[in-house]
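Remarks on the structure that follows.
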Amino acid sequence: MQDDSGRAEADHGDAGRSDAAEPGGAPLHGLKVVEVATLFAGPLAATYLADFGADVVKVEHPQHPDGSRRHGVSKDGIGLWWKTIGRNKRTVTADLHTDGGRRVLLALLADADVLVENFRPGTLERWGLGPDVLWRHNPRLVVCRVTTFGQTGPYAHRPGFGSLAEAMSGFAGANGEPDGPPLLPPFALADGIAALAAAFATMVALTERDRTGRGDVVDLSILEPILMMMGPQITAWDQLGLIQPRSGNRSVNNAPRNVYESADHVFLAVSSSATSVAERVLTLVGREDLVHRSWFATGAGRAEHVDEIDAAVGDWIGRRTAAEVVSAFDAVSASVAPVYTVDGLVADPQVRHRGTVVDVPDPDFRHVAMQNVLFRLQHAAGSIRWTGRAHGADTDDVLADVGFTAEDIAALRAEGAV
């Protein structure tokens, strides 16, 4: 169901629930994941697994919680990003610098399927917790290691964040206006792409583990997934010596592809990667004559004549309201969409219909809105069962599950291990 804002309630929206919203009906029910990662790729990869039923136990330092709890905007001193990235996880504290903390981690991993970590390469080994040691306790464990530069190479030891990957991959160099500087994205783009890759890589490793009975290591560099998203830039440079220039909202491969302002001052994005769509757009705006030019038949040809095309499309859109433009484009099956800020997004009828935004019960704020699970399955589904929990909220329960007595836990607390 949806409330007046159009958001689906998390426990009842068909788009994001498992059978009766119970984890037992979810595809990854029975998968145990231990996460010792921070900011952001590793934790977000674990979130994706948790959304589809994995039991994710997030381990944080007792005095230094995951920075995503404090990253970005907050309300009443509580970080709002954490509510999403920490959802569906049980939270435990353990100081892996201590013998007691390492004992806790080994106990958690004894029956786990996956460890997600993003320490600088060599850190786990220095603590006596490298994969070879972990496999002696659990030979079926998959160790997913997410770092900026990977586990090997001359940069492996360097600290880093996704911004470095966005810079090195060519993204920043190709992003921006032609006469302006390179632009980094205003959000954690490389981390987000790496999180998807890490979740996929983990499932590949688990499939191989189930075939062979042997665990494995996923060595994922944050640089490499965003590099793949840059398309054929490497091959184009290798074969043609081409380096992709900055082109603003325009595409170097096609036209029309830009953002245009309507008469009522709404920006609209138009894209026409297929020649048939470009034909429909130019016919709609009254420039069918351009469609019959020899250069119009290819995206590259249209990109070379982008000024003429943009002038025609921009003038036509600029003389109509956004609603009139969208309706006309829809009538001829041409692609257009408004440039939203988040308030427009959550009110959009397609977003509302899909249940893309859900309201989730929350102990701090009663309800919080967040994005639903990423995709739908016909016969099973993911669900958001709870928002990001307080630091160490589940320590006692989780440690009891793996054999620690109340006295054991009290002793660990006394020594600062949890």
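The values are calculated or read from the model by the stated rules, or taken from the named source; none is laboratory data. All of these numbers come straight from a predicted model, not from anything done at the bench. A quick note on method: Cβ atoms are made from the backbone with ideal geometry, for glycine too, and the neighbour counts reach across all protein chains shown. Heavy atoms of the whole protein, side chains included, go into the accessibility calculation; ligands, DNA and RNA do not. Shrake-Rupley method; radii C 1.70, N 1.55, O 1.52, S 1.80 Å.
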### Query
Do we find a residue being touching a residue at least 24 places away in the same chain (Cβ under 8 Å) and either at positive phi or of a type in the set (Asp, Glu) (or both) anywhere in the range 378-387?
no
### Query
Can you find a residue in the range 409-416 that is modelled with pLDDT of 95 or more and more than 14 Å from Ala94 (Cα to Cα)?
no
## Note on the structure
Taking the range 352-409 and keeping only residues that are in a strand (DSSP E or B) and open to solvent by 60 Å² or more (accessible area, probe 1.4 Å), one is left with Pro361, Arg366, His367, Gln371
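Quick check, is Val325 assigned to a helix (DSSP H, G or I), farther than 25 Å from Asn254 by Cβ and open to solvent by less than 70 Å² (accessible area, probe 1.4 Å)?
Details: assigned to a helix (DSSP H, G or I): yes; farther than 25 Å from Asn254 by Cβ: no; open to solvent by less than 70 Å² (accessible area, probe 1.4 Å): yes.
No: the conditions fail for Val325.
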#### Entry: Residues of the range 169-198 satisfying the condition of being part of a helix (DSSP H, G or I), surrounded by fewer than 21 Cβ atoms within 10 Å (Cβ to Cβ) and touching a Phe, Trp or Tyr at 6+ places or on another chain (Cβ under 8 Å)
Leu189, Gly192, Leu196
### Task
Residues being open to solvent by 50 Å² or more (accessible area, probe 1.4 Å), part of a helix (DSSP H, G or I) and touching a residue at least 40 places away in the same chain (Cβ under 8 Å): count how many of those fall in the range 239-293.
2
### Query
Looking at the range 202-225, which of its residues are of a type in the set (Gly, Ala, Ser) and either open to solvent by 30 Å² or more (accessible area, probe 1.4 Å) or farther than 11 Å from Val146 by Cα (or both)?
Ala205, Gly213, Gly215
### Summary
With criteria (1) in a helix (DSSP H, G or I); (2) in contact (Cβ under 8 Å) with a residue 24 or more places away in the chain; (3) open to solvent by 40 Å² or more (accessible area, probe 1.4 Å), Pro159 comes up short on (1)
